[in-house]
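This report concerns only the one structure given below.
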Amino acid sequence: MGQEAAAAAAVELGVKRGVPTLVAPAAETKGGLYYLSNLDQNIAVIVQTVYCFAAAAGGGGGAAAGDALRESLSRVLVHYYPLAGRLALTDDGKLIVDCTGEGAVFVDAVADAAMADLGDITRPDPAVLGELVYSVPGAKNVTKFKCGGFVLGLAINHCMFDGVGAMQFVNSWGETARGVPLSVPPALDRAVLRARDPPRVAFPHHEFAQIDDGDGGGSPAQDGAEPPLLHRSFRFTPESIARVKALAAGDGGGVGGVGGRAPTTFEALAGFVWSARTAALGMGRARRSKLLFAVDGRPRFTAPPLPAGYFGNAIVLTSAACAAGELSPARAVRLVRGAAEAVTDAYMRSAVDYFEATRARPSLASTLLITAWSRLPFRAADFGWGPPAAYGPAALPEREVALFLSCAGEGGGVRVLLGLPAAAMAEFERLVDEVIF
């Protein structure tokens with residue numbers, strides 16, 4: 001932890017924030033209460049992301065960014081008016097949006113540094129990158145750097161949309177800034193995912209099951225304090241991904257024969273990261289290790305399908321579990337594949353009804369939660385200055401989260417971002433190095 005803390009301390013951005021303002025929709029919008037589905041209720045965490053834009057070749061970039069982004073935000077909020085409202089609770093304890101039209105929080109800031117001073121932003125670093133995001137949920141923060149570049153930092157409550165919906169909003173914002181029509185207008189009605197009455201839970205939902213955290217293995221210390229985490233970013237090139245796939249097929253598990261196909265990139269990486277993290281944490285052989293990951297329901301909801309442009313949460317968590325001593329890479333990949341294939345229209349609607357009946361939320365004890373951003377079109381976020389030079393999370397939303405990010409601008413592959421206690425991270429790095437190098 002000392003090296004990471006020292007590195008963070010060495011980066012002095014000298015950020016000075018202006019007074020937060022509210023950016024309201026540019027035209028009158030619909031008022032009243034806006035329904036959030038049970039899939040929205042399930043994941044009410046704050047997600048912080050940053051987009052780094054280099055100085056514009058023709059000038060204008062950092063100096064004009066705040067005004068241009070504020071004005072275009074006002075116009076795009078006419079289409080995405082729930083984002084200008086305020087979260088509230090219903091009488092039965094559910095989240096709902098009061099469409100007050102007050103607006104989104106917007107902050108202009110200036111850094112006494114160049115963007116190059118940020119270093120590797122693919123490593124989640126709340127001590128440094130957190131300075132570029134205003135912590136109020138729903139806030140947009142623009143930080144101008146001495147080099148002429150700027151960073152757009154977003155703090156978004158996951159209950160408003162998933163990754164696909166968030167990118168749809170950001171890219172719509174960019175289209176508005178460039179003066180072009182929205183390529184994907186938002187479909188706002190979330191009632192299509194309303195629970196059935198009465199709820200019909202047709203499947204077991206192990207994603208909500210509690211696993212005993214036991215002793216050690218990343219559990220909180222006996223005094224209740226959680227050990228500090230080191231955060232790292234690991235790039236898996238196309239070649240190293242091929243080695244991960246071969247590892248899964250070659251440890252006696254015969255993954256390539258399951259379902260008549262070789263593992264996908266997600267299956268192979270998810271299985272490897274799950275098994276390596278479990279080993280690195282030193283879980284006892286008999287302890288159960290659980291994996292949660294999100295599956296996009298947009299192509300899987302069929303009765304009825306979701307409308308094009310649906311920007312609410314359409315992800316469903318699915319799970320797998322295994323005794324730590326039995327979690328080989330091939331076994332892990334088979335479990336990942338089975339968990340993904342279980343997610344059908346009927347399963348997802350059962351999950352919606354399960355929450356309606358129980359109000360349960362997924363347990364993260366002895367759990368790795370993988371969220372894949374590797375297919376999200378971050379580089380399409382063009383506000384008139386071209387695609388972002390770099391992008392990523394300012395922080396991971398939970399200690400148990402590992403995030404997959406595309407390396408589209410680095411020659412391909414996937415970056416895996418996660419945090420672990422120092423000793424576990426050293427072992428995880430050793431296991432990764434055996435595959436990467």
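The values are calculated or read from the model by the stated rules, or taken from the named source; none is laboratory data. Please read these numbers as outputs of a predicted model, since none were measured by experiment. No Cβ is skipped: glycine too gets one built from the backbone with ideal geometry, and neighbour counts run over all protein chains shown.
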Which condition from (1) part of a strand (DSSP E or B); (2) out of contact with any Asp or Glu (no Cβ under 7 Å at 6 or more places or on another chain) is the one that residue 351 breaks? (1)
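Restricting to segment 329-346, name every residue that is among the small types (Gly, Ala, Ser) and modelled with pLDDT under 95.
So in segment 329-346, the residues among the small types (Gly, Ala, Ser) come out as 330, 332, 338-340, 342, 346.
Correct list: 330 only.
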Which pairs turn up if I take residues in segment 317-346 that are farther than 20 Å from residue 287 by Cβ and in the same structural domain as residue 279 (by TED's automatic domain parsing) and look for partners that are surrounded by 20 or more Cβ atoms within 10 Å (Cβ to Cβ) and among the charged types (D, E, K, R) with beta carbon separation below 8 Å, at least 6 apart in sequence or on another chain? 317/207; 318/207; 333/267; 337/267; 340/267
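Okay, residues lined up against (1) closer than 30 Å to residue 276 by Cα; (2) crowded, with 21+ Cβ neighbours inside 10 Å; (3) at pLDDT below 95:
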position: 348; (1), (2), (3): yes, yes, no
position: 354; (1), (2), (3): no, yes, no
position: 366; (1), (2), (3): yes, yes, yes
position: 370; (1), (2), (3): yes, yes, no
position: 384; (1), (2), (3): no, no, yes
Filter segment 410-432 for residues that are out of contact with any strand residue (DSSP E or B) (no Cβ under 8 Å at 6 or more places or on another chain) and modelled with pLDDT under 95; the one that is surrounded by the most Cβ atoms within 10 Å (Cβ to Cβ) is 412
In segment 208-256, residues that are in a helix (DSSP H, G or I) and either at pLDDT 85 or above or surrounded by 19 or more Cβ atoms within 10 Å (Cβ to Cβ) (or both) total 14
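Just to check your reading of the model, which residue among 293, 311, 272 is over 19 Å from residue 415 (Cα atoms), touching a residue at least 60 places away in the same chain (Cβ under 8 Å) and crowded, with 23+ Cβ neighbours inside 10 Å? Please lay out each step first, then the result.
Working: 293 fails: over 19 Å from residue 415 (Cα atoms); 272 fails: over 19 Å from residue 415 (Cα atoms).
Of the residues listed, the single one that is over 19 Å from residue 415 (Cα atoms), touching a residue at least 60 places away in the same chain (Cβ under 8 Å) and crowded, with 23+ Cβ neighbours inside 10 Å is 311.
From 106, 150, 145, grab the single residue that is more than 23 Å from the chain's Cα centre (by Cα), of a type in the set (Phe, Trp, Tyr) and under 28 Å from residue 403 (Cβ atoms).
145
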Expected single match for in contact (Cβ under 8 Å) with a residue 12 or more places away in the chain and farther than 22 Å from residue 96 by Cα among 72, 37 is 72
Can you confirm whether residue 114 is aliphatic (A, V, I, L, M), closer than 18 Å to residue 156 by Cα and without any contact (Cβ under 8 Å) to a residue 60 or more places away in the chain? no
Quick one: which strands (runs of 3 or more DSSP E) sit completely within segment 48-135 and have at least 1 residues that are modelled with pLDDT of 95 or more and buried (at least 18 other Cβ atoms within 10 Å of the Cβ)? 95-98, 104-110
Scanning segment 35-46 residue by residue, the ones that are buried (at least 20 other Cβ atoms within 10 Å of the Cβ) and modelled with pLDDT of 95 or more total 5
Please go through segment 278-325 and pick out each residue that is touching a helix residue (DSSP H, G or I) at 6+ places or on another chain (Cβ under 6 Å) and assigned to a helix (DSSP H, G or I). 278, 280, 324
By my count, strands (runs of 3 or more DSSP E) wholly in segment 370-436 with at least 1 residues that are over 21 Å from residue 332 (Cβ atoms) and not assigned by TED's automatic domain parsing to the domain that holds residue 73 are 390-393, 401-406
